[in-house]
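Peer 1: Okay, here's the structure, questions in a sec.
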Amino acid sequence: MTQETHAAHGADEPSDRSPARRTVDRRTVLRGAALGAAAPLIPGTAATASAGDRGRGGGQTAGSASFRWLGTAGWRIDVGDRTVLFDPYLTRFTTGLYDGAFDPRTPLQTRPEVVDAHIGRPELVLVSHSHWDHLADVPHIAKTTGARVVGTETTYHLLVALGVDAGQISVVKGGEVLDFDGITVEVVPSLHSRNKKCTYFAPGTLNAPPATVPSTISDLPEGDTLAFQVTVGDSGPSAFLMGASDFSERAVRGLRPDLAMIAVPSSTVTHRYVPRLLRALDTPGVVVPVHWDNFEVPLSGSPVRDPAMDLEAFIAQVGEASPATRVVVPDYRTVYDGDMRPRE
């Protein structure tokens, strides 16, 4: 899940999504926080100017990879004809989260025609944790493409219960550095974000198959949280991918990614979240905020902000902590190169 399950999926703090505030935000189309106005979507806008794009992976290889934001925390990374997915949640079904009627008994759904239009032929699917807005479409993707899924033991048990071949799933704990024929995946132990009450939706882990086949969103517990760093070739680019807005400071030290896809928090309970994270990552050259959108609005349109997320405050904190970092607010339609610049 994440973003404090967007204020614990609204279950704990419905006031964060008041009708008046929601009406305003649903009318807002983000062009990038630097512009901050409703207007037709433009390719991912840099919110701050770079003071020397430093790309630690080496500029010569930046063009060999492309990145597409799949909304929420999700990414599609293409390296030539090879595709890696991270937290691909594309069906984006309604749970009542954004209209004050959140229902944890909402049935799990997958819309194959929607999912298939965005994923290509992935060979690898990385899963940060098992909440529905990260895992719900993974069973369909795994069963129809044969892609290998990398995730926690909880993710393993849930996917097997949902019909995925156990042989397709690689269980990891954090600390593994895996080489997939030139695409390196470093598994990073991480933490789930929390709301203002320091709680979140559906905690818990599975060390055995669930008693019944998961059928509702509450049947998918978090199951511990991971982050991943994906590096293309020997010299990058490298991308740090988060599925929730908290982290283990010691676990991320030394990663030094070129790109950091950082989840925007919905509360301030994590002490100095942005400056601590950027310092631990050694101030990445590019920061891309994620998990700030309403993930019950179809990807066919423009991103609509989750009203619990203060995107401008997040960008300001990045600028204060690391003035040389370029912030790119992504959109759904743009394909970015390894420097997170729109491909022509």
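Peer 1: Considering the range 105-128 alone, what residues qualify as being under 16 Å from the mean Cα position of the chain (by Cα) and of a type in the set (Gly, Ala, Ser)?
Peer 2: Across the range 105-128, the qualifying residue is only SER128.
Peer 1: Out of the strands (runs of 3 or more DSSP E) lying entirely within the range 138-239, which hold 2 or more residues that are hydroxyl-bearing (Ser, Thr, Tyr) and either under 19 Å from the mean Cα position of the chain (by Cα) or buried (at least 21 other Cβ atoms within 10 Å of the Cβ) (or both)?
Peer 2: 183-190, 225-232
Peer 1: Would you please name the residue that is farthest from HIS271 (Cα to Cα), looking only at residues in the range 305-344 that are touching a Leu at 6+ places or on another chain (Cβ under 8 Å) and hydrophobic (A, V, I, L, M, F, W, C)?
Peer 2: Looking at residues that are touching a Leu at 6+ places or on another chain (Cβ under 8 Å) and hydrophobic (A, V, I, L, M, F, W, C), I get MET340.
Peer 1: Could you list, in sequence order, all residues of the range 200-248 that are among the charged types (D, E, K, R) and over 14 Å from GLY151 (Cβ atoms)?
Peer 2: ASP219, ASP234, ASP246
To keep it simple, each residue is scored yes or no on (1) out of contact with any Ser or Thr (no Cβ under 7 Å at 6 or more places or on another chain); (2) within 17 Å of LEU241 (Cβ to Cβ).
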{"residue": "GLY100", "(1), (2)": "yes, no"}
{"residue": "PRO104", "(1), (2)": "no, no"}
{"residue": "GLU113", "(1), (2)": "yes, no"}
{"residue": "ILE119", "(1), (2)": "yes, yes"}
{"residue": "TRP132", "(1), (2)": "yes, no"}
{"residue": "ALA136", "(1), (2)": "no, no"}
{"residue": "LYS143", "(1), (2)": "yes, no"}
{"residue": "ARG148", "(1), (2)": "no, yes"}
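Bear in mind these aren't lab numbers, they're just calculated from the coordinates by the rules spelled out. Since we're looking at a predicted model, the values are computed, not measured. Here Cβ is always computed from backbone atoms with ideal geometry, including for glycine, and neighbour counts include all displayed protein chains.
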